[in-house]
């Protein structure tokens, strides 16, 4: 599989699709961006097996152009996390699963941006009392992108400390239309995927999303150049991105909550409140995966995860919290 | 990694103490074990700067000797996680901090043990419905220790799958007497440390614990050969251990919640319910650490942690849940 | 109490509107029912000050006609809690508040229905282990309505126990379109109101809902003849209802979360997860109300609520949990 | 209501014990008070069936004597909620239950006291942002007791509003020694009872507590003249009290979590975090009670509670949160 991915990256770099793969391109105008899951008309129909080259705006809707642009003032209300799409996947029906492999992610601007959210309660919510002097006002950090070294540069507001952090680009948002006719704002993660802010969803990862409506209505956005656990200040290092994805369709397989895999890992992603329920969902779906594809009994699966599995809290700042439960493939038998 | 660990164990075993360090040994009889924090008389007085060589019984109180010994039957009630100690650290007063560096951990038996807890509600608590056929009965897995390869061997109960997992030995329990005159059962983690079940607390780690009573009353136990995130089946790969620790005292420094560091990381450990509060505590204490020792402003600290920090859920099966928030030292300026 | 209710129903039925009040009637066909908040076109425009006479279907979409009709089989998927409406309130704009007074609620059928939800995890979620013999299968209870005594009759499935419970009819659902362009399924409560399942919202209560979209898009449904705290089996005594409401508009007043008042009480209603956050929201909004309308300082308000306020958990079975915080008007000074 | 309470107090004061009942008196010196559950030597042995006349200090350990005495300064650290006791109940063994009936509660001082806790995070914890001007500093409210009217008088700090609130005296704390050899600070509630701050535990109530150690080691304190739901400012109207209790022993009945009953209600009390787990415990134990004593099947019990049961959040400010689930006896068949 690692050879496949390496090839895919190589091919993506060279940009020649495999002979049997169709490649399409969709670069949205700003007016075509969508700010929810489930509420916009499809921008394009895509056949399973197609490679899509596209572009995503940053989470600020492109409104923050300098450190003095505060999102609470520059951004139109309810325009966080603009989505590219939705894309109508041909043949996708409720009860199916789409598999989206992330082939390429490149920053489309020479800087990334992070901000302290305009939520006045964020610090107290995180159990951080106001500092002395008060430190709760909205602010913006710019990160220079250093493409040759694959890093971004952190600079403290007070100018004292600066350090480079390796880029690990990923899509903060990838999702489909929810069930029950719901439309969710693009800051919400859930069983439909969405704003999961999960660093594992970078180049080489394949995301599995259950289909709730005909065509699935896939969309994505919120590119992150790097993000730590919890996304605790409310944003990652945010940037517009050039995106390359392969989209496939698995007929007749239900996927109640998002799953993902890379060459080395399989993982399940739970997004709800409270945090323990997000973890329980992720853990349960990972156990089910070991039962279904790897032949484990329930308790033997749980035992192996208990010793060799890992987890982390992706984010604790969105309307639902996100936890990942995962295990390395080297501990698993061959798929059956 | 297994080579590194094997080397570390070797070095720790051979390791000559620095010339100025006193070394003492304490190997408890079974009757000397303690099953709580705060409720036992000290077994030994120790001067700061001393290296302690000792031994810990496994979490089953040594009662599980074959896979057919079920803990609910073999173990005396309320005798989980027997503690070695407590040790009276000379000069330690409320408001001080003790620093315990883990120099060596060696399995004292040729096998490790994990069990599905005798809590009938564990599976439903983890959102796992009973399998078909029902799968909720208590059971025990034995793991063979392979010292030359630095691994333990997982074997599924149904015999289908077997795989080696690298050992990363650590102490599941390390703590002091709680405040307010409390005595807590040895399965409980809290601000006094205790049953934190945190894999980072292995060889090379230094744990900082705030002192609540004269002498601190340090104890430890619950050796784990390896444990994944969440400790989701209720136990790690449990074993009796030979333990080597260096114990130091930091006068006049308060440590409200346990902190730890290794060569590469600093970390804070929160243990409470719900899980989000455990994370908030760990995050807050990590921010405070960056303020105090590294000269960060509050929001600059939070910003850096948001992009370069990490976290994971250590365990979600004890009376309090434990979350670690951490950051690599390479992203921090020099200590001031 | 039952006499009071019977009288209230009688008065509501007879009740002549004030001379200046317009009265309109809207009785939906089944095909006109709506299953969400925010996603349906308005069925009628209503001027502020109007009395609306209407009708609501039960939470089973009318599909359960005998105790052998199981909702999981009889009801169309995603057709729980059908809504009557939405109604476009003329002049309502984002930033305003609508005030809906419940003038009359009459059961439209001679029986009420409750069911154990078709969620296989409900019992374990409620910490109730399976009974012996297993007791987790879906089932339906029919309650006979005794209009002359103002009661419904509970009958145990096993036939052993039967008892009358006084009716206290209320609307389980009343809400407006959410913000951010969201559409939420009709089983969800939130800051837009919705499926709050709060018994206080009976005859005589006025509900205040913040307006998020032009016209507010008010809808209601899910009539309950009586419901205890928590709605712990997943449903109340459910019935189709004849409904009489007065709808008013308060320009320029924001209402971030639903508020309500009766002759005797003022209350705030929080709906989110976890349960403590639902309570915190309700408590905070009640304190703000005492500050705004009754001249309290923040801590004096909190002190009075701490001694004379009350609360209860309305429900713990919907996608968000609902808590009410309230205080009797007799403890408050005159509105300023 | 106030007349009822006044009468109850009068009757309790006059009340002659049944001829076969032994009556004992224990009035502690301040030096005899205990500040935990499980860690003090018994002050007296009591035979089952005995009536105990006693006295409890207030939660401030008697240190607040005027509104200018701030508890954070006047009270010795870890001396909140002083306990009268513990009492060794003769014949009580682990696996038994003690039943404590509250016969009389009289304020022992002419004023009650409430304070905003010295926890700097309380307001933000309750989702209340700092007011303008800041309002988070510690403060104390004195309530005059009006014995003839059975009320206490609330007075706002700013002097604007004053109102009388009917007294409903109860014991904030009543508990036994915990299991597992634990000692818990007297501010903690749990399965051993303790600081449950539950207003239902007033005159006429019988509290059932499971026995964990020989003699049970019953203690009580923290008298409240009145308290609203949630105890949201951190304290009730606190006062020293004269107390009269009847203590009985039920051999061979386990009571895993505290239960209580009055003439009209039966109830179960859960104390843990998060709040939903506290409610789940209370609900589960109430269902079990209906199964055991009233002959219900599990789902029929849950159905009846769902329609006729009630609940409330007793407190959300202690180390564990407390929820009561209850049902009126008039809805139940005769005990079997």
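Rule-based calculations on the coordinates, nothing more; no lab input. What you see is a predicted model, and the numbers here were worked out from it, not measured in a lab. Every residue, glycine as well, gets a Cβ built from its backbone with ideal geometry; the counts of neighbours run over all protein chains shown.
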Legend entry - Helix-only CD estimate at 222 nm, as mean residue ellipticity for chain A, using -39500 (n - 2.57) per DSSP H run (n ≥ 4): -4500 deg cm²/dmol
Inset, instruction - One decimal, nm, shortest first: give the distances between the label point of residue A:106 and those of the same position in the other copies, each label point 7 Å from Cα along Cα→Cβ. - result: 5.6, 7.2, 8.8
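Looking at chain C, what % of its DSSP beta bridges pair antiparallel, to the nearest 5? Walk me through the intermediate numbers first.
Values: 73 of 81 bridges.
Roughly 90 percent of the DSSP beta bridges within chain C come out antiparallel.
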Legend entry - Axis proximity, chain B to C: residue whose C-beta lies nearest, plus whole-Å distance: B:124, 2
Inset, instruction - Would you look at the GNM of chain A, springs on alpha carbons closer than 10 Å, and say which of A:206, A:153, A:322 moves the most? - result: A:153
Inset, instruction - Could you list the residues of the stretch C:74-89 with an amide nitrogen less than 17 Å from a label point located 7 Å from the Cα of residue C:22 in the Cα-to-C-beta direction? - result: C:87-89
Inset, instruction - Working from the alpha-carbon coordinates of the stretch B:285-336, get Rg over Rh, Rh being the Kirkwood radius. - result: 1.06
Legend entry - Ellipsoid semi-axes in whole angstrom, largest first, where each is sqrt(5λ) of the Cα gyration tensor of the stretch B:179-336: 24, 19, 16
Inset, instruction - Provide Rg and Dmax in Å for the protein assembly as shown, with only Cα atoms included in the calculation. - result: 31.3, 100
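Evaluate peptide D:232-243: per residue, the Cβ atoms of other protein chains within 10 Å of its Cβ; return the mean as an integer.
Whole-number average of other-chain Cβ neighbours for D:232-243 is 3.
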Legend entry - Principal-axis tilt of helix D:2-14 within chain D, Cα atoms, nearest 10 degrees: 70
Inset, instruction - Could you work out how far helix B:298-308 tilts from the main Cα principal axis of chain B, as a 0 to 90 degree angle to the nearest 10? - result: 40
Legend entry - Antiparallel bridge percentage (DSSP; both residues within the stretch A:35-158; nearest 5): 75
Legend entry - Average Cα contact separation per residue, the stretch D:265-331, under 8 Å, 6 or more apart, as relative contact order %: 45
Legend entry - Stokes-Einstein diffusion coefficient of the stretch B:98-223, Kirkwood radius over Cα pairs, 37 °C, 0.692 mPa s, in µm²/s: 192
Inset, instruction - Evaluate the relative contact order of chain A (contact order divided by residue number), counting alpha-carbon pairs under 8 angstrom at least 6 apart; express in whole percent. - result: 22
Inset, instruction - Summarise the partner chain shielding of C:179-190 as one whole number: the mean count of Cβ atoms from other chains within 10 Å of each residue's Cβ. - result: 5
Legend entry - Nearest-first distances (nm) between copies at residue D:67, label 7 Å from Cα via Cβ: 4.9, 6.2, 7.2
Inset, instruction - Determine the relative contact order of the stretch C:144-273: mean sequence separation of Cα pairs under 8 Å and six or more apart, normalised by residue count, in whole percent. - result: 24
Inset, instruction - Could you please tell me the mean projected area of the C-alpha convex hull for the stretch D:195-274, averaged over all directions and given in square nanometres to one decimal? - result: 6.6
Legend entry - Principal-axis tilt of helix D:275-294 within chain D, Cα atoms, nearest 10 degrees: 30
Inset, instruction - Determine which residues of the stretch D:180-221 fall in the zone a paramagnetic label at residue D:93 would reach in this model, i.e. backbone nitrogen under 12 Å from the point 7 Å along Cα→Cβ. - result: D:214-215
Legend entry - Among C:146, C:212, C:320, residue whose mean-square fluctuation peaks in a GNM of chain C (springs only between Cα atoms under 10 Å): C:146
Inset, instruction - Mind checking C:322-333 for the average number of partner chain beta-carbons within 10 Å of each residue's beta-carbon? - result: 3
Inset, instruction - Sort out for me the Cα centre separation of the stretch C:298-336 from the stretch D:49-66, rounded to whole Å. - result: 29
Inset, instruction - With r as the distance between the Cβ atoms of residue D:263 and residue D:336 and R0 = 22 Å, compute the FRET efficiency 1/(1 + (r/R0)^6) and round to 0.05. - result: 0.70
Inset, instruction - Note the distances from residue A:251 to each other copy's matching label point, with points 7 Å along the Cα-to-beta-carbon direction, in nm, sorted shortest first. - result: 6.0, 7.3, 7.9
Inset, instruction - Evaluate Rg over Rh across chain C, taking Cα atoms for both radii and Kirkwood's formula for Rh. - result: 0.96
